[in-house]
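Contents: one structure, followed by commentary.
The values are calculated or read from the model by the stated rules, or taken from the named source; none is laboratory data. Given the structure is predicted, the values throughout are model-derived calculations rather than measurements. Don't worry about glycine lacking a Cβ; one is built from the backbone with ideal geometry, like all the others, and counts go over all protein chains shown. Note: areas computed on protein heavy atoms with side chains; ligands, DNA, RNA excluded. Shrake-Rupley method; radii C 1.70, N 1.55, O 1.52, S 1.80 Å.
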Amino acid sequence: MPRGGGPSAALRGERGWVSFTLTNTEKTAGEEVAQLYLRDPVASVVRPLKELKDFRKISLKPGESKTVTFTIDKAKLSFYNAKLKWQAEPGKFNLMVGSASDDIRLEGALELLP
């Protein structure tokens, strides 16, 4: 999994993207499950600290690199509010990419505009 700075974006239309490069630094072929987590820190109802929103299983040969892209749309940002209405609230979201919920390697932010 990659390390370093993360993505930052604003979602005004239908969708946005998070991309990163995954490199196998080992001497043998391997697989990695890249996972996308989102957090809505200021929602109108209490939300989880990390919500798994997408994942990809990637096979890599020794030394091989691949670009991995996750699509983020309003459906991935939506939740049931206090009135049980499915909605996405405008605001800032934390983006996290890792190989597990306790192994986050990239972090960034996304803002859903009204």
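Okay, residues lined up against (1) under 14 Å from Asp40 (Cα atoms); (2) touching a Gly at 6+ places or on another chain (Cβ under 6 Å); (3) not in a strand (DSSP E or B):
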residue: Lys76; (1), (2), (3): yes, no, yes
residue: Glu89; (1), (2), (3): yes, no, yes
residue: Leu95; (1), (2), (3): yes, yes, no
residue: Gly98; (1), (2), (3): no, no, no
residue: Leu106; (1), (2), (3): no, yes, no
residue: Ala109; (1), (2), (3): yes, no, no
residue: Pro114; (1), (2), (3): no, no, yes
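Looking at (1) open to solvent by less than 60 Å² (accessible area, probe 1.4 Å); (2) assigned to a strand (DSSP E or B); (3) not hydroxyl-bearing (Ser, Thr, Tyr), find the lone condition where Phe55 falls short.
All conditions are met except number (1).
Just need a number here: residues in the stretch 21-52 that are farther than 16 Å from Arg105 by Cα and outside any loop (DSSP other than H, G, I, E, B).
2
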